[in-house]
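Worksheet: one structure, shown below.
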Amino acid sequence: TTSNVGSLKQVWQMSLGTCTASIIAGNPVLPGAPKGAPNNPTNCGSMESNPVAVDGVLYTTNAPLGETFAIDAATGSIIWKYTPSYAGESLPTAGSPDVTTAFTPGNGGRRAGVAVGEGKVYVGLPDGRLIALDQTSGKQVWESAVGSYKVNAKISAAPIYVRGLVIVGDGSGDGGGASPSLQAFRAANGGRVWSWSPIPSPG
């Protein structure tokens, strides 16, 4: 209120540790990934995730890898951290389809946020995967593909949990790619319930 706003003060601050000196220097986010601009903090991306608060714990995700965190809201201590793996994901090289390069979430970028429901934390990744994590331990419970990174599909919006479903869209961002869609998955096991595209199919 106008009577107590003057007494507001910061209680704590902490670092998620996702923006390292190595990434700022331009070193690849993942082995085999392209380098970023030299000595550029924007290589780390921007922190645009609004944390979800549940029973004194904050759940959030951050660029560039899409790491997901559970944080003690009282102290700022990290309770658990999940780091996704992109191992084995590759893309054909332009002009040389037989030569592949490792997929990378890229330097920069953003992660929009997570959803929480039924004891799980749901997070979308830049390679088009939807991941469910155990809310207490951070261990992966299931994963589903919303779209293929091979056609530049990625999850760039925060999932929404409602009545047993996880609603999420895929989008190609600035790079172009496959037609976008909105999809629903069962929160219990990741099974796809429906998919809808705003772009009509032939006929």
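The values are calculated or read from the model by the stated rules, or taken from the named source; none is laboratory data. Quantities reported herein were computed from a predicted structural model and do not represent experimental measurements. A quick note on method: Cβ atoms are made from the backbone with ideal geometry, for glycine too, and the neighbour counts reach across all protein chains shown. Protein only, heavy atoms only, side chains kept; ligands, DNA and RNA dropped before computing areas. Shrake-Rupley method; radii C 1.70, N 1.55, O 1.52, S 1.80 Å.
Observations
- In percent, rounded to a whole number, the relative contact order of the chain is 13, using alpha-carbon pairs under 8 Å and six or more apart.
- What you get for region 132-175, charging only the Cβ of Lys and Arg (+1) and of Asp and Glu (-1), is a dipole of about 60 debye around the Cα centre.
- Counting only Cβ charges, +1 for Lys and Arg and -1 for Asp and Glu, the dipole size of region 79-198 around its Cα centre is about 320 debye.
- Of the solvent-accessible surface of the chain, computed with a 1.4 Å probe and all protein chains present, 55% belongs to carbon and sulfur.
- Bridges between two residues of the chain, per DSSP, are antiparallel at a rate of about 95%.
- Taking every protein chain into account, the accessible area of region 70-203 amounts to 50 square angstrom per residue (probe 1.4 Å).
- Close lysine pairs were tallied over the chain: pairs 8 or more places apart or on different chains with Cα atoms under 28 Å apart number 13.
- Rounded to the nearest 20, the size of the Cβ-charge dipole of the chain about its Cα centre is 120 debye, with Lys and Arg at +1 and Asp and Glu at -1.
- Global geometry of the chain, whether rounded, prolate or oblate, following the gyration tensor of its Cα atoms and the 1.5 cut on a/c: oblate
- Trypsin sites (Lys or Arg not before Pro) restricted to DSSP loop in region 112-168 with at most 12 other C-beta within 10 Å: Lys139, Arg163
- Every helix of 4 or more DSSP H residues in the chain counts as -39500 (n - 2.57), and over all residues that averages to -500 deg cm²/dmol at 222 nm.
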